[in-house]
């Protein structure tokens, strides 16, 4: 894929993948930081609050910066968010108390949330329809790779010192920052956004520079109400089930295995994106249905075997397989979300679609803090069922977006 791209598109892939990578690192920090010395004597409520603060500011960033991105463009937001979440990560890495850790998590997650809508928009708007599916599938997968790296840092340095964890975090962040600041200055603005804003000449120049000759099949713009409802259902299911099983289940149910759980979950999700590419060829309606069906069946297997989950030889392989399907479900979201909305409301709607799923996840983190393993897995069974229902609705009421033009009139 990369050798058929323009230089600016390569910069765009590097800058978006690096942003998702940092998001994964930041998202994994809160549950991993329970091993830091200042967290050891904190009550379970404060551990729960450390998990909640990130999603709260993630959703605020989604909404505010998503709306602004539709107004002033994708590139400006992309550069702004880089500086914000680098500041947040530095605060996290140097925190010596719960309050400072929470401040760092809030700042970094606000930036991460604000960056996601314009990132998905840029990946869909600045690549031809033939490459769009691959970019919307493989690049967001760097979130999982980022969490995998964070978990690995904590696993490898667990027997050494807390200082080595902090230094590793700062070093990796610094390297990524210098790469991203250069590439983000070089990336082009979205040509579709410029076109719809009336900057036709500049839009056409960028279109030629990024080798877009065809926009894809022209279809009627998908129904806004159906698209929104289905994406909320899919988001509620996938977002909540992934973060509960990959992040919250460690501190809540298996505190001594948190590092390993995040590592295994992130590994499964990372691999899942590569399985998605060939399956997507059958169409995105079928892909979405199969993803949520697989997730539902694997979480049912975990539920049936819930009394044996304290045996990590049983639990970890089941978690790994479930996370593969969770990634497939997320791929269906990262593909559909930018494909079903018009350009000048694309990032606004991507942000709004996330409001209910993230809000419910925040509530779930409070409600589930004292759940036993049976109750915890049962909640995830219900969540996967919600997503399966959404995928069935999309088969009958939605549109097939494979190879379509997203330049809706």
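The values are calculated or read from the model by the stated rules, or taken from the named source; none is laboratory data. As the structure is a prediction and not an experimental result, all values here were calculated from the model. FYI the Cβ positions are ideal-geometry reconstructions off the backbone, even for glycines, and counts take in every protein chain you see.
None of 69, 95 is closer than 24 Å to residue 338 by Cβ, buried (at least 19 other Cβ atoms within 10 Å of the Cβ) and either over 18 Å from the mean Cα position of the chain (by Cα) or modelled with pLDDT of 95 or more (or both) except 69. Restricting attention to segment 186-230, the residues that are modelled with pLDDT of 90 or more, out of contact with any strand residue (DSSP E or B) (no Cβ under 9 Å at 6 or more places or on another chain) and part of a loop (DSSP other than H, G, I, E, B) total 11. Of the residues making up segment 389-403, those that are touching a residue at least 60 places away in the same chain (Cβ under 8 Å), surrounded by fewer than 23 Cβ atoms within 10 Å (Cβ to Cβ) and part of a helix (DSSP H, G or I) are 389, 392, 393, 395, 397.
Of the candidates 77, 145, the single residue that is more than 17 Å from the chain's Cα centre (by Cα) and either at pLDDT 90 or above or surrounded by 21 or more Cβ atoms within 10 Å (Cβ to Cβ) (or both) is 77.
I'd like to check something: does segment 57-78 contain any residue that is farther than 27 Å from residue 354 by Cα and either outside any helix (DSSP H, G or I) or in contact (Cβ under 8 Å) with a residue 60 or more places away in the chain (or both)?
Of segment 57-78, the ones farther than 27 Å from residue 354 by Cα are none.
Taking every residue of segment 57-78 in turn, none turns out to be farther than 27 Å from residue 354 by Cα and either outside any helix (DSSP H, G or I) or in contact (Cβ under 8 Å) with a residue 60 or more places away in the chain (or both).
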